[in-house]
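Undergrad: Pasting a structure here, questions to come.
The values are calculated or read from the model by the stated rules, or taken from the named source; none is laboratory data. All figures in this text were calculated on a predicted structure; none of them were measured in a lab. Because the Cβ atoms are built from the backbone with ideal geometry, glycine has one as well, and the counts that use them run over all protein chains shown. Quick note on the areas: whole protein, heavy atoms, side chains included, nothing else; ligands and nucleic acids left out. Shrake-Rupley method; radii C 1.70, N 1.55, O 1.52, S 1.80 Å.
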Amino acid sequence: MAASLLGGAALGPVFDILLKTVLDVGIKIITFRSKFLSLKQTLLDIEPVFADIEKLNKALHGRDEDIEMFKNLLMKGAELVLKCSKTKCYDPLKKWNYSRKLTKLENSLVKVCQMHGLIQVCRDSKQILVKVNEHGKKLEEIHSMLRCISLTGSGSSVGFTNSSGSSGWMMSGGSSFGSSNGFSGWSDVPQVPDSVVGFQVPLQELKLKLFEEKEQVVVLSASAGCGKTTLAAMVCQEDDIKAKYRGIFFVTVTKTPNIKRIVGEIFEKNNYKVPEFASEHDAICQLNILLRRSKSQPVLLVLDDVWFESDFDIENFAFQIPGFKILVTSRFVFPKFDTYKLKLLSEKDAKALFCTSAFKDSTPNVRLDLVHKVVRSCGGFPLALRVVGRSLCGQPEVIWLNRVIMQSKRQILFPTENDLLRSLQASIDALDEKVLYSRDTTTLRDCYLDLGSFPEDQRIHPAALLDMWVERYNLDEHGMAAMAIFFELSSQNLVNLALARKDAPAVVGLHNLHYIQQHDLLREVIIHQCDEKPVEERMRIYINIKGNDFPRWWFEQRLQPQAEVLSIITGLLSILSPPFWSKLETSSANLLHLVSAIADEDFSSDWHDVQFPKVEVLVLNFETRTYNLPPFIKQMSQLKTLIVTNNGFFPAKLNNFQFCSLLNLKRINLERISVTSIFTASLQLPNLLKISLIMCEIGEAFKSSVANMPYMWPKLVEMNIEYCNDLIEVPAEICDLVDLKRLSICYCHELVALPEELGRLTNLEVLRLHSCTNLAELPESIVKLNKLGFLDVYDCVGMDCLPMQMDQLCSLRTVCMGSRLGFTELPNSVLKLVKLEDVVCDEETASLWEFCKEYLRNLRITVIKEDINLNLLHKSLCI
């Protein structure tokens, strides 16, 4: 029977045999009941996946070779289950052996669906699409759009390339962890806060507007801090809305909109390669094509934080697609569109929301008149109620009384936005009471004000803030203190944290945090506080340059700001040439943060001669393919940290490297940068301690010029590489960095091999290889790393074994491994890892380590709950 089934093309009967065998045997045999129950649930979950694979195979007139491996795996599984049924309960060796094989079978089924299924469906769907496009209405629609583009003379390609990784799942925001937002048609909807009060009626009323057919654009309008984004996110997560709109795209517009960036985000979050748009009109036309071609119809497009005075035209996105709807959130009213005005919370709802933040059990433990006065001062703004409430949580009554006195001058029920800023400012001022352990004079407020260095609505990488704070506040380089600061700010509702895994233990540290984000209104409060003093007395200066609109003080010849932080925010910097920058010469510049230079397309003014005599940290943000570093950097003799972030979709080339005089430069953090120019310039920095390369283009540079690295950075102790998808092999020359203590290569899905010379890094203490999904093994020489204390191979799904001589890692204290690894056993040598204290893993890997507890008395096994979303593949098959 098995032979006849394997000879045919039908997949269903083979699948049914395995499922029936599991059900029959599972009822009768107690020995493996828990394994059978788990296997049964997995089979039920993947049954629709197999059905869709077979359906696609038939649509392509049958390709037996495509499903042969599926059938082989299923038949072997049925044979294994039958063997298990014959195992005697008193035979522990066979029981243990077959238990491992059942676990491996379940892992293999899931892995086949995730990897091979995705590859097949990408190929098959393209072939089906080609056949459909040979005739009919779809081809005519595409041709009409091509004619539209050709009229603009853009000449750009309209082809879309799906950019899903060959293995592993890349979710929205760069996360590789399970998420319902990762597949096409459900794009990056923000999380809704745990406690939402007073939004039930607005939620139903707004949904009614979205169900109506007469208006294509609906505007959700309210003042800042009223909860517009929260309400829009709640609407998107309603079951009836998701049933009506099969495709939901959520993008933030901001006060300075960039059409190419907005459209690019939709492409990127929908797992398509972002095209190089020739113009804004070209970007809109290509988005039109993308939405028309999507099988997730109808579509709801949410445009969050649209400003009336900006150049953003909502009507450009009003595509004539059946059922297509746009939801706009804005502080303003757009008269031409149907508008829903969100009201401030009533006194009853405001008090309820405030109490959830201010009191642990929502029951007041201070005088009710104080609660009432503080609530009234927040004026029904949800953001203010949350932030102010959290800042007073657990505080004695005298602090409450002081807060009431501070705000007593403007006790009105519905304050203006300036009153809201004052209310939030008092909560930020309260952070002064929390002193960091590293410096007696440094408070949590100082750290929070540093967040103003980054543009509004930007996702801030934790490594960037860590590099700032290590030099500025002497925090530990491992990031434990920084992580504590992030959690403290989050507990005060001042920032939002995107955690990789919510149940990860503290030992994972900063690497469990994807990014930090703050409300744009809270950033305005930071700017407001920093701008209160005269320029020459400010500790931080933040500048937003639009066009040629410089601040007046910039041109005052005698003015020498003594600021520690300077933020210059503009737009595209492609027009800036070295002569342009040379107009700004800063001798002995000492600015503690010359932060964020993002140049604008309209920015064509000359820099004036301004001096900043205290530079220690320089952060540059821009959005262009080529960026010319300002020449005055070479005169920043006190510069310790350089952070360069390209907010575009394509790696930027950096020009004008003149850093050899920066003898104090210790940290460089680059994001979306082509690093070839760095190696070409032979950037010799004798005291550089750490370099971070995030979403950078590094493959070519590592192949051709990495041999210079030990000469360029002789004292480097830490290298952090993340999301660099062109990194295939780590060059052996990196192992010549003999002082290296921490090496982190994470989310590099194309990485297949580490150098065998890795054992030369005898000072290495931390090795992170998190989510390098194609990495098959660790080099045997890793056992020579006698100082290695932390090893992370979590989500390295292609890895199926550890080196046999693991016991030589005599300093190993922490191991992170799991999430469907191919491990079936551990080498016996792990029993001699006497210093091993923490193993962070999934449930299946934990079973391998449980045996070691008898030998390793101090071993703690922390099991992280897995969130494998098989529906993700099922839905992608249907698109």
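Undergrad: Filtering the stretch 524-545 down to residues that are part of a loop (DSSP other than H, G, I, E, B) and surrounded by 14 or more Cβ atoms within 10 Å (Cβ to Cβ), which residue is modelled with the highest pLDDT?
TA: That would be ARG538.
Undergrad: Kindly provide the set of residues from the stretch 758-777 that are assigned to a loop (DSSP other than H, G, I, E, B) and open to solvent by less than 10 Å² (accessible area, probe 1.4 Å), ordered by number.
TA: If the condition is that a residue be assigned to a loop (DSSP other than H, G, I, E, B) and open to solvent by less than 10 Å² (accessible area, probe 1.4 Å), then LEU761, LEU764, LEU769, SER771, CYS772, THR773, LEU775 are the ones that fit.
Undergrad: Another one. Only one of LYS666, LYS653 is modelled with pLDDT of 90 or more and open to solvent by 10 Å² or more (accessible area, probe 1.4 Å); which?
TA: LYS666
Undergrad: Quick one: which residue in SER357, SER362 is at pLDDT below 90, in a loop (DSSP other than H, G, I, E, B), touching a helix residue (DSSP H, G or I) at 6+ places or on another chain (Cβ under 7 Å) and hydroxyl-bearing (Ser, Thr, Tyr)?
TA: Residue meeting the stated conditions: SER362.
Undergrad: Out of PRO755, PRO803, I need the residue that is open to solvent by less than 40 Å² (accessible area, probe 1.4 Å), over 19 Å from PHE823 (Cα atoms) and of a type outside the set (S, T, N, Q). Which one?
TA: Every option except PRO755 fails the conditions.
Undergrad: Going through the stretch 510-523 one residue at a time, which ones are surrounded by fewer than 20 Cβ atoms within 10 Å (Cβ to Cβ) and more than 16 Å from the chain's Cα centre (by Cα)?
TA: ASP520, ARG523 - these are the residues of the stretch 510-523 that are surrounded by fewer than 20 Cβ atoms within 10 Å (Cβ to Cβ) and more than 16 Å from the chain's Cα centre (by Cα).
Per-residue answers, yes or no, for (1) over 23 Å from ASN496 (Cβ atoms); (2) in a helix (DSSP H, G or I); (3) at pLDDT 75 or above:
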| position | (1), (2), (3) |
| --- | --- |
| LEU385 | no, yes, yes |
| ARG390 | no, yes, yes |
| GLY394 | no, no, yes |
| VAL398 | yes, yes, yes |
| ASN402 | yes, yes, yes |
| ILE405 | yes, yes, no |
| ILE412 | yes, no, no |
| LEU420 | no, yes, no |
| ALA426 | no, yes, no |
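Undergrad: So which of SER781, SER744 ends up being in contact (Cβ under 8 Å) with a residue 24 or more places away in the chain, of a type in the set (Gly, Ala, Ser) and farther than 22 Å from GLU700 by Cα?
TA: The match here is SER781.
Undergrad: Using the structure shown, decide if ASN720 is in contact with a helix residue (DSSP H, G or I) (Cβ under 8 Å, 6 or more places away or on another chain), over 23 Å from ALA463 (Cβ atoms) and not acidic (Asp, Glu).
TA: Judged against the criteria, ASN720 is not a match.
Undergrad: Cβ-Cβ below 8 Å, separation at least six or inter-chain, first residue in the stretch 832-846 and closer than 17 Å to SER38 by Cβ, second in a strand (DSSP E or B) and open to solvent by 10 Å² or more (accessible area, probe 1.4 Å): which pairs?
TA: CYS841/ILE861; CYS841/THR862; CYS841/VAL863; ASP842/VAL863; GLU843/VAL863; ALA846/ILE861; ALA846/VAL863
Undergrad: Related question: Does VAL834 satisfy being open to solvent by less than 10 Å² (accessible area, probe 1.4 Å) and farther than 18 Å from ALA732 by Cβ?
TA: no
Undergrad: Could you list, in sequence order, all residues of the stretch 336-368 that are polar (S, T, N, Q) and over 32 Å from the mean Cα position of the chain (by Cα)?
TA: The answer is THR339, SER346, SER362, THR363, ASN365.
Undergrad: Shifting gears a bit: Condition (residue is open to solvent by less than 10 Å² (accessible area, probe 1.4 Å), among the hydrophobic types (A, V, I, L, M, F, W, C) and closer than 23 Å to THR230 by Cα) applied to the stretch 281-299: is it met by at least one residue?
TA: Within the stretch 281-299, one or more residues are open to solvent by less than 10 Å² (accessible area, probe 1.4 Å), among the hydrophobic types (A, V, I, L, M, F, W, C) and closer than 23 Å to THR230 by Cα.
Undergrad: Considering only the stretch 217-235, I want to know if a residue exists there that is open to solvent by 30 Å² or more (accessible area, probe 1.4 Å), of a type in the set (S, T, N, Q), more than 23 Å from ASP338 (Cα to Cα) and under 28 Å from the mean Cα position of the chain (by Cα).
TA: no
Undergrad: Which residues, taken from the stretch 316-373, are within 16 Å of VAL302 (Cα to Cα), among the aliphatic types (A, V, I, L, M) and open to solvent by less than 10 Å² (accessible area, probe 1.4 Å)?
TA: Listed by number, the residues that qualify are ILE326, LEU327, VAL328.
Undergrad: Just to be sure before I move on: is LYS703 surrounded by fewer than 22 Cβ atoms within 10 Å (Cβ to Cβ), among the basic types (Lys, Arg), free of Cβ contacts under 8 Å to residues at least 40 places away in the same chain and not in a loop (DSSP other than H, G, I, E, B) in the structure I sent?
TA: Criteria met by LYS703.
Undergrad: Considering only residues that are touching a strand residue (DSSP E or B) at 6+ places or on another chain (Cβ under 6 Å) and either of a type in the set (Gly, Ala, Ser) or in a loop (DSSP other than H, G, I, E, B) (or both), which ones fall in the stretch 738-757?
TA: Across the stretch 738-757, the qualifying residues are SER744, TYR747, ALA753.
Undergrad: Going by what's in this entry, would LEU82 be described as over 28 Å from ASN774 (Cα atoms), open to solvent by 70 Å² or more (accessible area, probe 1.4 Å) and modelled with pLDDT of 70 or more?
TA: yes
Undergrad: Residues of the stretch 197-245 being part of a loop (DSSP other than H, G, I, E, B), among the hydrophobic types (A, V, I, L, M, F, W, C) and closer than 23 Å to GLU524 by Cβ, which ones?
TA: Listed by number, the residues that qualify are ALA222, ALA224, CYS226.
Undergrad: Cβ-Cβ distance below 8 Å, separation of 6 or more or different chains: which pairs start in the stretch 619-637 with a residue that is under 30 Å from GLU276 (Cα atoms) and end on one that is in a helix (DSSP H, G or I) and open to solvent by 10 Å² or more (accessible area, probe 1.4 Å)?
TA: Pairs that qualify, where the first residue is under 30 Å from GLU276 (Cα atoms) and the partner is in a helix (DSSP H, G or I) and open to solvent by 10 Å² or more (accessible area, probe 1.4 Å), are GLU623/ARG261; ASN628/PRO578; ASN628/PHE580; PRO631/PRO578.
Undergrad: How do the pairs read when you match residues in the stretch 642-666 that are at positive phi with residues anywhere that are open to solvent by 40 Å² or more (accessible area, probe 1.4 Å), using Cβ under 8 Å and keeping only pairs 6 or more apart or on different chains?
TA: ASN656/PRO578
Undergrad: A further question follows. Taking LEU821 and the conditions (1) at pLDDT below 90; (2) within 23 Å of LEU751 (Cα to Cα); (3) open to solvent by 30 Å² or more (accessible area, probe 1.4 Å), which numbered condition does it fall short on, given that it satisfies the others?
TA: (3)
Undergrad: Let me ask something else about it. Taking the condition of being open to solvent by less than 10 Å² (accessible area, probe 1.4 Å), part of a loop (DSSP other than H, G, I, E, B) and in contact with a helix residue (DSSP H, G or I) (Cβ under 8 Å, 6 or more places away or on another chain), how many residues in the stretch 837-855 meet it?
TA: Matching residues across the stretch 837-855 total 0.
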